[in-house]
Amino acid sequence: MAFRLSAGMDSAGKLLGWNSIVWSDSHSTRPNGSGGSFIAARSLDPPVEFRKGGWSGGSYRNGIPEYSFGAKQLRLFDYDGPLRTSSLRGLGAYANTFAMEAFIDELIYKAGKDPIDFRIKNLEDPRARAVLEELAQKTNWKNRSKSANNGFGVAYARYKNATSYFAVFAEVEIDKAAKNYKLKKLTGVIDSGLTINPDGLKNQTEGGMIQSASWTMMEEVHFDQDGITSVDWNTYPILRMKDVPEVEVHIIDRPEEKPMGAGEAAMGPVAAAISNAVFDATGSRVRNLPIKAEKIDWESVS
């Protein structure tokens, strides 16, 4: 997926207008009755044709911001890329939220505003504001300890703009000499309505946060003219246990509300929070995933 975002705000930091242009391949090539989705079926005699499906279904998920803009516009361009694609956790919501919340962070930096206060000011839904307010309280946001070697990032989204509310705080630590960074801690606050199984909700959210961190920091498919070259855990590494950050999840239970799915709520906000924390620590904005250390402009680090 690729994005071109633009927005306007007034001198007080009030958001006025938003424009998103999104390019996306398919997010769904599950079998769904089409045998060509199975690689072996394409080698039969005669071969079963492979056809991508689910166009647009996941491409614009979370592509329209919840923030209180006077005008919003989204333009989507589907394209048929060279690789077989399928359904990752969250579908297009992961990348859409990463792009949106990282860009919101750029607007906040330009306006010289507080990242949590700015979001709260520009959100009308009281439940959206509540997860951010709870996050500020649980992380001691106003009195956080800042040093030259750490950075903090915040992000928020309501998955599908219709289910669970999730806000997250990321802390990274940089090593200027080694030109590297480490994700130290993730703190999340989730509102999924009526919480039937608090432990299950925390487990789902923790798992989503760790998986998203792995996607965001290191996971990347490589390919050449002959096909995919990322074929094992060496050529496609994932986050190892020794690199998993401390993870903390807080639940806002709302027994008066209907329960909502939460398994995919963390994916996009975590990506943006890590990106925003890296910028806070280094002054370097990495706009393409994964956020590997070699993409950081270490010359900008004071």
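The values are calculated or read from the model by the stated rules, or taken from the named source; none is laboratory data. This one's a predicted model, so the numbers in the text were calculated from it and none came from an experiment. Cβ coordinates were reconstructed from backbone atoms using ideal geometry, including for glycine residues, and neighbour counts include every protein chain displayed. Note: accessible area is taken over every heavy atom of the protein model, side chains too, but ligands, DNA and RNA are not part of it. Shrake-Rupley method; radii C 1.70, N 1.55, O 1.52, S 1.80 Å.
Residue by residue through region 58-82, note down the ones that are touching an Asp or Glu at 6+ places or on another chain (Cβ under 8 Å) and more than 24 Å from residue 9 (Cα to Cα). Working first, answer last.
Within region 58-82, the subset touching an Asp or Glu at 6+ places or on another chain (Cβ under 8 Å) is 59, 66, 68, 78-81.
Across region 58-82, the qualifying residues are 59, 78, 79, 80, 81.
Checking residue 301 against (1) touching a residue at least 40 places away in the same chain (Cβ under 8 Å); (2) open to solvent by 30 Å² or more (accessible area, probe 1.4 Å); (3) more than 30 Å from residue 195 (Cβ to Cβ), which test does it fail?
Single failed check for residue 301: (2).
What are the pairs, 6+ residues apart or on separate chains, where a residue within region 147-169 that is open to solvent by less than 20 Å² (accessible area, probe 1.4 Å) has its Cβ under 7 Å from a residue that is of a type in the set (S, T, N, Q) and in a strand (DSSP E or B)?
168/187; 169/187
Do the conditions hold for residue 278, that is, is it in a helix (DSSP H, G or I) and out of contact with any helix residue (DSSP H, G or I) (no Cβ under 6 Å at 6 or more places or on another chain)?
Working: in a helix (DSSP H, G or I): yes; out of contact with any helix residue (DSSP H, G or I) (no Cβ under 6 Å at 6 or more places or on another chain): yes.
Criteria met by residue 278.
From the list 267, 209, 218, 260, pick out the single residue that is under 17 Å from the mean Cα position of the chain (by Cα), touching a residue at least 40 places away in the same chain (Cβ under 8 Å) and open to solvent by 20 Å² or more (accessible area, probe 1.4 Å). Give the steps one after another, and end with the answer.
On the way: 267 fails: open to solvent by 20 Å² or more (accessible area, probe 1.4 Å); 209 fails: open to solvent by 20 Å² or more (accessible area, probe 1.4 Å); 260 fails: under 17 Å from the mean Cα position of the chain (by Cα).
Result: 218 is the single residue among 267, 209, 218, 260 that is under 17 Å from the mean Cα position of the chain (by Cα), touching a residue at least 40 places away in the same chain (Cβ under 8 Å) and open to solvent by 20 Å² or more (accessible area, probe 1.4 Å).
Would you check if residue 5 is more than 19 Å from the chain's Cα centre (by Cα) and at negative phi? Spell out the reasoning first.
Working: more than 19 Å from the chain's Cα centre (by Cα): no; at negative phi: yes.
No.
Being in a loop (DSSP other than H, G, I, E, B), crowded, with 20+ Cβ neighbours inside 10 Å and touching a Ser or Thr at 6+ places or on another chain (Cβ under 6 Å) narrows it down to one of 59, 87, so name that one. Give the steps one after another, and end with the answer.
On the way: 87 fails: crowded, with 20+ Cβ neighbours inside 10 Å.
The match here is 59.
Within the group 30, 4, which residue is open to solvent by 20 Å² or more (accessible area, probe 1.4 Å), basic (Lys, Arg) and at pLDDT below 95?
Numbers: 4 fails: at pLDDT below 95.
Testing whether each residue is open to solvent by 20 Å² or more (accessible area, probe 1.4 Å), basic (Lys, Arg) and at pLDDT below 95 leaves just 30.
Before we move on, is residue 283 open to solvent by 20 Å² or more (accessible area, probe 1.4 Å), in contact with a Ser or Thr (Cβ under 8 Å, 6 or more places away or on another chain) and not polar (S, T, N, Q)? Quick ask: steps written out before the conclusion?
Details: open to solvent by 20 Å² or more (accessible area, probe 1.4 Å): yes; in contact with a Ser or Thr (Cβ under 8 Å, 6 or more places away or on another chain): yes; not polar (S, T, N, Q): yes.
In short, yes.
Can you find a residue in region 100-114 that is in contact (Cβ under 8 Å) with a residue 24 or more places away in the chain, open to solvent by 20 Å² or more (accessible area, probe 1.4 Å) and under 22 Å from residue 249 (Cβ atoms)?
no
Within region 225-257, which residues are part of a loop (DSSP other than H, G, I, E, B), under 18 Å from residue 291 (Cβ atoms) and either open to solvent by less than 50 Å² (accessible area, probe 1.4 Å) or of a type in the set (Asp, Glu) (or both)?
Going through region 225-257, the residues part of a loop (DSSP other than H, G, I, E, B) turn out to be 225-226, 229-240, 244-245, 252-257.
Cutting the leftovers down to under 18 Å from residue 291 (Cβ atoms) gives us 230, 236-240, 244-245.
Passing the criteria: 230, 237, 239, 244, 245.
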